[in-house]
Amino acid sequence: MSPQKVFDASLPQSIQRAVEVLRQGGIIAFPTETVYGLGADAMNDKAVCRIFEAKKRPEFDPLIVHVASVQEAETLWSQTPESATLLMKRFWPGPLTLVLPKSSRVSDLVTSGLPTVAVRMPKHEAAFSLIKALGRPIAAPSANLFGYTSPTSASHVAEDLGEAVDLILDGGPCAVGVESTVLKIEKNEGTILRPGGIPAEALEKVIPLKKAPDEKTARPESPGLLDTHYAPWTRMVLLPGAFSDFIPEFDAALKEYQARKSTPLRVGLLSFRQSFENPALETVQVLSAKGDLYEAAANLFQAIRKLDKMNLDLILAEPVPEKGIGLAILDRLRRAAGGKIAGKEPLC
Ligand code: TXA
Ligand code: MG
């Protein structure tokens, strides 16, 4: 990829350049507080098509539209219920995406033919300035190849989409590190379609939440919920609990493997907070030594990408506590492991 494609997101001239590319129907990568987005002018169908092509994203998976004002969001929905207004007041700009019936302004390409559209206002200076300077909403999925681990730095984007993207705005690492919470609103009640940066506990203080529908039956409602997603190329297996409780089983599985294959298995651990000195582990990536779930979220995707580059045979991932933003992390870990859980699945 040519280095001239990457521009410092903090400079006004970089934003201006990105706007020119978007006006000409180009696609650009830009930082948000969650992950990097791959953006196009949401009102330009040809440009929106290029996003799907660049990511190799199936057409059935709709895009989030990014806005810089509540007024702009309201032009994209056919109506804005009171509950949505309350949520926008409380959480925008920020990692909350609201799904509501779409207005005629929004193309079926963006929504994959759904009658609803997902909208959010990002809380990142560069993203915000970009949308404002363009004067139109930006449709943007995460800027990774479809199904692969999401990008939380400009270099992640360059690795995945360097050739396919017209310009990359480099705004450094993403502060939140997991995607926005996707919340569908019906009759002033919310349903979380994807856990994310704003936890359910915070949403519940503003509007009542319905229990999320069973994923298998909800798929038409939330087309992006696939069993395998965010996944490294390396085989990844989720542990049922802390690695320390799993060591005897791990040692036995390794012995059995070596007897069978007569080569050592290269294993890396994605640990929540503790580093281990186990000689059978090639490497340990710790998400947060102090056990802070927000720090763990911010480190998650770069740690998975780092492990994926180490030529390992297996990545073991420890679960994180199932509360707050931990639910979003667990969701990503389960999908990155493609549902494989140690104990239910052979390790190797
Ligand atoms: O934090 C984020 O949300 C990032 C940044 C770039 O804003 N974007 C992101 O986009 O994660 P993407 O495309 O990777 O994920 C969007 C999710 C998908 O699961 C998609 O199926 C769902 O939102 N979605 C989009 N429109 C929808 C709709 N109308 N109804 C239900 N789900 C929708
Ligand atoms: Mg994505």
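The values are calculated or read from the model by the stated rules, or taken from the named source; none is laboratory data. Owing to the predicted nature of the structure, the values given are computational and were not obtained by experimental measurement. Please note: Cβ atoms are built from the backbone with ideal geometry, for glycine as well, and neighbour counts cover all protein chains shown.
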Report yes if some residue within segment 161-178 is under 30 Å from Ser288 (Cα atoms), part of a helix (DSSP H, G or I) and within 16 Å of ligand 2 (Cβ to nearest atom); otherwise report no.
yes
State all residues of segment 71-115 that are in contact (Cβ under 8 Å) with a residue 12 or more places away in the chain, part of a helix (DSSP H, G or I) and within 13 Å of ligand 1 (Cβ to nearest atom); if no residue qualifies, say none.
Leu76, Phe91, Leu109, Val110, Thr111
Can you pull out the residues in segment 61-70 that are more than 16 Å from ligand 2 (Cβ to nearest atom) and assigned to a loop (DSSP other than H, G, I, E, B)?
Val67, Ala68, Ser69
Return yes when Leu134 is at negative phi and more than 11 Å from ligand 1 (Cβ to nearest atom) and no when it is not.
yes
If you take the residues of segment 20-53 that are part of a strand (DSSP E or B) and either within 16 Å of ligand 2 (Cβ to nearest atom) or of a type outside the set (Asp, Glu) (or both), which of them is surrounded by the fewest Cβ atoms within 10 Å (Cβ to Cβ)?
Ile28
Conditions first: (1) buried (at least 20 other Cβ atoms within 10 Å of the Cβ); (2) modelled with pLDDT under 95. Phe146 passes all but one, so which condition is the exception?
(1)
Sole exception among (1) surrounded by 13 or more Cβ atoms within 10 Å (Cβ to Cβ); (2) in contact (Cβ under 8 Å) with a residue 24 or more places away in the chain for Gln285, by number
(2)
Are any residues in segment 24-38 under 16 Å from Leu134 (Cβ atoms) and within 15 Å of ligand 1 (Cβ to nearest atom), and if so, which ones?
Ile27, Ile28, Ala29, Phe30, Pro31, Thr32, Gly37, Leu38
Filter result (part of a loop (DSSP other than H, G, I, E, B) and more than 13 Å from ligand 1 (Cβ to nearest atom)) within segment 140-160:
Ser153
Scanning for something basic (Lys, Arg), over 22 Å from Gly190 (Cβ atoms) and within 10 Å of ligand 1 (Cβ to nearest atom), does segment 39-53 turn up at least one residue?
no
For segment 72-86, which positions are of a type outside the set (S, T, N, Q) and either more than 17 Å from Ile192 (Cα to Cα) or surrounded by fewer than 20 Cβ atoms within 10 Å (Cβ to Cβ) (or both)?
Glu72, Ala73, Glu74, Leu76, Trp77, Pro81, Glu82, Leu86
Per the list (1) more than 17 Å from the chain's Cα centre (by Cα); (2) within 16 Å of ligand 2 (Cβ to nearest atom); (3) surrounded by fewer than 18 Cβ atoms within 10 Å (Cβ to Cβ), residue check on Pro58 breaks on (1)
Where residues in segment 116-126 are within 9 Å of ligand 1 (Cβ to nearest atom) and over 16 Å from the mean Cα position of the chain (by Cα), which of them is surrounded by the fewest Cβ atoms within 10 Å (Cβ to Cβ)?
Thr116
Output for segment 97-118, where each listed residue is of a type outside the set (S, T, N, Q) and away from ligand 2 (no atom under 16 Å from the Cβ):
Leu98, Leu100, Pro101, Lys102, Arg105, Val106, Asp108, Leu109, Gly113, Leu114, Pro115, Val117
Within segment 237-263, of all residues that are assigned to a loop (DSSP other than H, G, I, E, B) and in contact (Cβ under 8 Å) with a residue 12 or more places away in the chain, the one surrounded by the fewest Cβ atoms within 10 Å (Cβ to Cβ) is Gly241
